[in-house]
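To start, the structure under review is shown below, and the notes come after it.
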Amino acid sequence: MIDDISVSIVIPTYNQAQYLKICLQSVLEQTRTDWEVIIINNFSNDNTVEIVQAMRDERFTLINFDNKGIIGAARNEGVRHARAPLIAFLDSDDGWEKNKLEVILNYFNEHTDVDLVCHDEWLYVGNKKTKILKYGAHSDYRNLLFKGNALSTSAVTLKKNSFWRVNGFSEESCLAGVEDYDLWLRLARKGCKMAFVRDVLGYYRTHDDSFSAKIEKHCAHLTYLFDQHFRDWQPKNLYYRFLMRGCYANANRICGKMLMKGKGQRHNARKYLRRALGYNPLSWKAWVHMCMCLGGLIGEALMRFRHLLAYSLPFLLGLKRCQSMVNPLMNNSLSILLYHDIPNHLFDSFRAQMQFLQKHYQFITPNEFEQMARGDKMIVGHQLLLSFDDGFKSNFYVAKEILTPLNIKALFFISPGFVDCTDRATQIAFMQNRLRLQAMDISNNMAPMNWEDLHWLIRSGHTIGSHTLTHACLSKMISPEELFSEVVQSKKILEARLQQSITHFAYPRGDIDSIDSAALSLALKHYRYVYSGVRGSCCVRSRVFYRECMDLGSGVHYARFLIEGGLRFHYKRARKKLDSMAEKSC
C-alpha cells in the first residue's frame with residue numbers, strides 16, 4: 001500500500017459504467033501520483049465493479065454502500081474512509097485534466113490558510129464541449145446565499161478537518177440535489193476561506209435525460225434550503241428581505257425555464273413563472289420567460305388545429321406556379337417522406353393518403369433515387385420517395401397490404417439491436433429507453449420486424465438501410481469506439497444477415513441537435529446516402545438529404561401542405577447548419 005497520500009478522491013456512482021471508465025482514466029493520468037480513490041458504489045447493476053477491478057491499481061478502493069437516494073450520504077461515507085488530509089470530490093460522469101491535482105496541491109502548499117480550492121471547468125452536453133464554466137465570483141456567506149451557487153463539486157478540493165467541522169454533507173432527503181450548495185453555505189458561515197483558481201482543470205457533464213418531476217423536485221429542495229438558511233439568519237434589513245424574495249423568485253424562474261424545454265410542460269412552466277413574478281414582480285428575466293411561455297402555449301394551441309393550415313395550400317400552389325414561370329426548373333423537385341409506426345387503426349388513413357398522393361405526384365423507387373443521385377436520371381415533375389424509420393412490425397404489414405397493391409417501393413431504416421429483441425420485456429425496454437416512447441404509448445401490437453420480414457421486403461423490391469445499432473443519439477456518443485459501433489457495426493450486421501450491400505443511413509431522431517460533424521463524417525465515409533429528419537426539398541447532388549415527417553391524423557390536404565413546403569421556413573437555420581456540416585465532411 002501507498003503510505004504517503006496527499007489527497008483522497010471520493011467518487012460516488014450508480015449505473016454510470018459508460019462514463020466511470022473515462023472518469024477513472026482521467027485520475028490515472030494525473031501528473032501527481034500521491035492520491036487514493038474511494039469509489040462509493042450504490043449497488044449498481046451494470047458493469048461498474050468490473051470496470052474498477054480492471055484498473056488493477058491498489059490506489060482504488062471500491063465500497064458498496066446503499067445511500068438510499070442521498071448522494072450526500074455516499075460522499076460522507078467516502079470521506080470516512082479517506083486517509084489523506086485533503087479531499088477532492090469527483091462525480092462519476094465528470095473528469096479532470098492531467099495537471100489538476102498538481103496545480104491544486106501546489107496551491108494548498110503555497111496558501112496554508114486556505115480551506116477550500118475550486119477551479120473552472122469545461123461544460124460538456126453529452127459529449128460536446130460547449131463552454132467554460134467560471135466559478136468563484138463570490139464566496140462569502142451572504143453573496144453565496146443571495147447570488148447563488150458559485151462552486152462545482154467535481155472542481156472542489158478541501159481540507160478534511162474543515163469538512164467535518166460542519167458535519168459534512170447534509171443527508172436530509174429534502175436537500176437531495178442541492179446538498180453541495182448547502183455545504184458551501186455552511187462552510188462560508190463558519191468562516192472557512194475559499195480560493196479560486198482560474199485554470200480550467202476539469203469538465204462537468206450534463207445530460208438531456210432530465211424530466212419534469214426531477215426539475216420540480218430540485219426547485220422544491222432549493223426552496224427548502226432557502227427556508228433553512230433564512231430561518232437561521234432572519235435578516236431584518238428591508239434590502240436583504242428584498243434579496244431574500246429574489247432568491248425564491250430566481251429558483252422558480254429557472255424551474256419554469258427548464259420546464260419550457262420539456263414536451264407538453266408549458267402549462268406547468270407557467271405556474272412556476274407566475275410564482276417567480278409573485279416573489280419579485282421587477283424580475284425582467286421572469287417576464288421574458290413568461291412571454292416566451294405564453295407564446296409557446298399559443299403555438300401549441302395552433303398546432304392542435306394544424307389541419308386548418310391545409311387551407312393555405314392554394315396559396316402555396318399558386319406561389320409555386322409563379323416561381324415556375326420565372327424558373328421552369330422549379331417544376332422539378334424531390335421530397336422524401338418519413339413515417340414511423342403506423343397503428344392498425346390508421347391503415348385506412350395511410351392507404352387513402354398514398355392513393356391521394358399518387359394522383360398528384362409520382363412515387364419513385366429507391367433504385368431510381370440512386371440513379372438520380374449518381375446523375376444517371378433526371379428529376380421530372382414533383383417526385384416522392386417513401387421511407388420508414390425504426391423497423392416496426394406495422395411497417396411490414398403496411399408494405400404487404402398497402403404498398404404492394406399500389407406498386408410503391410420504399411426505404412426501411414432498421415436498427416439491428418431492435419430486430420434482435422425477441423422477448424416482450426426487451427422489446428418494451430428498447431422502445432422506452434431507445435425510441436423514447438412512453439409506456440402509455442406502447443400498444444400490444446407494437447413490436448420490431450424480424451429478419452425474415454426484412455428478407456421479404458428485399459424480395460419485394462424494397463430497400464433496407466441502417467438506423468444505427470441501437471437507435472442511439474449520435475451527437476451524445478462519449479467515445480469514438482461507441483460511435484464506430486453504432487454507425488459501422490450496424491452496417492456490418494445488416495450486410496451479414498441480409499446478404500446485400502447497405503448504402504443508406506438515417507439518423508435516429510434526425511433533428512439538427514442529434515447531428516454533429518464527427519458522426520456525419522463517419523456516416524459519409526461508410527454510406528453513400530445519409531438522411532436527416534430536417535424538413536426540406538432534396539438536392540440529389542448532395543449526399544445528405546432532408547425528409548418530411550408526415551402526419552396521418554390531419555387529412556390528405558395537410559399531407560400535401562407538408563410536401564409543398566408549408567413548414568420548411570421553420571427549418572431554414574437547421575438546413576443551413578446541416579449543409580455546412582455536410583460540406584466540411586465530404
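Readers should treat all values here as calculations from the given coordinates under stated rules, not as data from a laboratory. Quantities reported herein were computed from a predicted structural model and do not represent experimental measurements. Positions of Cβ are generated from backbone atoms using ideal geometry, with glycine treated the same way; all protein chains shown enter the neighbour counts.
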query = Nearest-5 percent of antiparallel DSSP beta bridges in the chain?
reply = 20
request  = With viscosity set to 0.692 mPa s and temperature to 37 °C, compute the Stokes-Einstein D of region 7-208, Rh being the Kirkwood radius across alpha carbon pairs; µm²/s, no decimals.
outcome  = 193
inquiry  = For a quick check: with amide H placed at 1.01 Å from N, whose amide H comes under 5 Å from residue 388's, ignoring anything fewer than 5 positions away on the same chain?
reply    = 339, 411, 412, 413
inquiry  = Give me the Å³ per residue figure for the convex hull around the C-alpha atoms of region 213-303.
reply    = 72
request  = Using the structure shown, list the pairs from 525/584; 476/584; 190/236; 147/236; 68/131 with a Cα-Cα distance above 23 Å, or answer none.
outcome  = 68/131
task = Pull up all non-local amide H partners of residue 205: gap of 5 or more, or a different chain, and H-to-H distance under 5 Å with H placed in the peptide plane.
result = 124
ask   = Tell me, how many Å apart are the Cα centres for region 535-586 and for region 474-516?
value = 21
query = If you find the alpha carbon centre of region 409-460 and of region 145-159, how far apart are they in angstrom?
reply = 46
Cα coordinate range in region 327-585, projected on the principal axes (Å, largest first) = 53, 44, 35
note = Exposed-loop cut sites defined as chymotrypsin sites (Phe, Trp or Tyr not before Pro) in DSSP loop states with at most 11 other Cβ within 10 angstrom; longest site-free run of the chain spans 306-586
key: Length added when fully stretched, residue 569-residue 173, from 0.36 nm per residue minus Cα-Cα   = 137.8 nm
message = Give me, ordered by chain and number, the residues 5 or more places off residue 86 or on other chains with an amide H under 5 Å from its own placed amide H.
response = 8, 160
query = For 335, 532, 173, what's the fewest-to-most ordering of other Cβ within 10 Å of each Cβ?
reply = 173, 335, 532
query = For region 7-208, what proportion of DSSP beta bridges, expressed in % and rounded to the nearest 5, is antiparallel?
reply = 35
request  = Please order 46, 140 by the number of other Cβ within 10 Å, starting at the fewest.
outcome  = 140, 46
remark   = Per-residue Cβ contact counts at 10 Å, fewest first, order 471, 229, 111 as 111, 229, 471
remark   = Per DSSP, the loop-located trypsin sites (Lys or Arg not before Pro) within region 240-294 having at most 15 other beta carbons within 10 Å are 261, 263
inquiry  = Report, in listed order, any pair from 214/393; 134/217; 98/193 with a Cα-Cα distance greater than 32 Å.
reply    = 214/393
